[in-house]
Amino acid sequence: MNILITNDDGIRSPFIPPLAKWASKIGNVTVAAPKVEQSGKSQSINFTHEVEAVEIEIVPGLFGYSIDSTPADCVRFGTRALGREFDFILSGINRGYNLGDDIVYSGTCGAIFEGARMGIPGLAVSTDVANPHIPEESLDLMWRFIKENDLYAHNPLYNVNIPENPQGIRITKQGGMYYTDSFVHRGGIMYVQSGEIKKDSGTDPTTDINTVRAGMISVTPLVATRTEMSVFEKLKNI
């Protein structure tokens, strides 16, 4: 299996080397990640100016492509510019959870949505663990769960969030608001967006938010389409 690894934290993210090492157990790895952090860029692409792409040594023995653009463009570079055939997009490991409403903003998830446009299945992986050397046992648990339950026979895209020392794993649905948002005035004409983790996430144990708060790995099936199919089916003959 040929695997393309990307993220939205940037090519120098300390999570890339351990993820690439782990992924090399299941396939042939190519790394293409943003030159600088691209958090919150979702599935955006750049078509207004040239994009710099440079092969660099990330750590001794691990090479990858530094792309001066978004995670979605890293996927496009790997498939279009390199002309390689990839069987799987592995995006992450993101520094910080991608839960609930924040999935729509996530560049980590945006990368696998872009891969889905090309028919490539994907997995977005995030954690809130400060130590970049996330235990391989957690990744092994995640992958074993995916394979034993043949999840990719049901859906091509999954969003995974891994807490520290996970106590289990659960299929989940997207929750609601994880962060509260505000525009903070910094003086003059300048503002900055800020947010805090929302304390109350309801009582539904099947949401991604509550699953992670319960100390379990959350595995959420995602869809890339924006068509509400139930309404389409009702109205298509009008």
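Every number in this text was worked out from the coordinates using simple rules, so none of it is lab data. Not measured: the values here are computed from a predicted model. Positions of Cβ are backbone-derived with ideal geometry, glycine not excepted, and every protein chain shown enters the neighbour counts.
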The range 193-232-the range 1-63 distance, computed between alpha-carbon centres (Å): 26
Whole-Hz ³J(HN,Hα) from phi, Karplus 6.51 cos²θ - 1.76 cosθ + 1.60, for the range 232-238, glycine and proline x: 4, 4, 6, 9, 5, 8, 5
Check: the chain dipole with +1 on Lys, Arg Cβ and -1 on Asp, Glu Cβ, in debye: 300
Peptide ranges 214-221, 228-235 listed from the most packed, as the mean C-beta count within 10 angstrom indicates: 214-221, 228-235
Cβ-derived FRET efficiency at R0 30 Å, ASN149 paired with ALA81, nearest 0.05: 0.30
Prolate/oblate/rounded label for the chain (Cα gyration tensor, a/c 1.5): rounded
Estimated vicinal HN-Hα couplings, Hz - the range 154-167 in sequence order (Karplus 6.51, -1.76, 1.60; Gly, Pro = x): 9, 7, x, 10, 9, 10, 10, 10, 10, x, 6, 6, x, 9
Computed over the range 1-124: relative contact order in percent, which uses C-alpha pairs under 8 Å that are six or more apart: 33
Over the chain, relative contact order from alpha-carbon pairs under 8 Å, at least 6 apart, %: 18
Packing rank of 104-112, 9-17, where each peptide gets the mean count of other beta carbons within 10 Å, highest leading: 104-112, 9-17
Calculated from backbone phi, Karplus (6.51, -1.76, 1.60) coupling profile of the range 62-69 in Hz, x at Gly/Pro: 10, 10, x, 9, 8, 10, 7, 6
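Report the net charge of residues surrounding THR211, where surrounding means a beta-carbon distance below 10 angstrom and charges are Lys +1, Arg +1, Asp -1, Glu -1.
Numbers: positive: ARG170, LYS173, ARG213; negative: ASP204, ASP208.
The answer is +1.
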Amide H contacts under 5 Å for THR207, placed H, 5+ residues apart: LYS173
Spatially close lysines, pair count over the chain: Cα under 28 Å, gap of eight or more or interchain: 13
Neighbourhood charge, 14 Å Cβ-Cβ cut-off, centred on GLY40 and excluding it, Lys, Arg +1 and Asp, Glu -1: -4
Distance in nm between pseudo-label sites at VAL104 and LYS21 (7 Å out along the Cβ direction from Cα): 3.9
Rounded to 5, the percent of DSSP beta bridges in the chain classed as antiparallel: 40
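Sort the following peptides by mean Cβ neighbour count (other Cβ atoms within 10 Å, averaged over residues), highest first: 61-67, 49-55.
The peptides rank, most packed first, as 61-67, 49-55.
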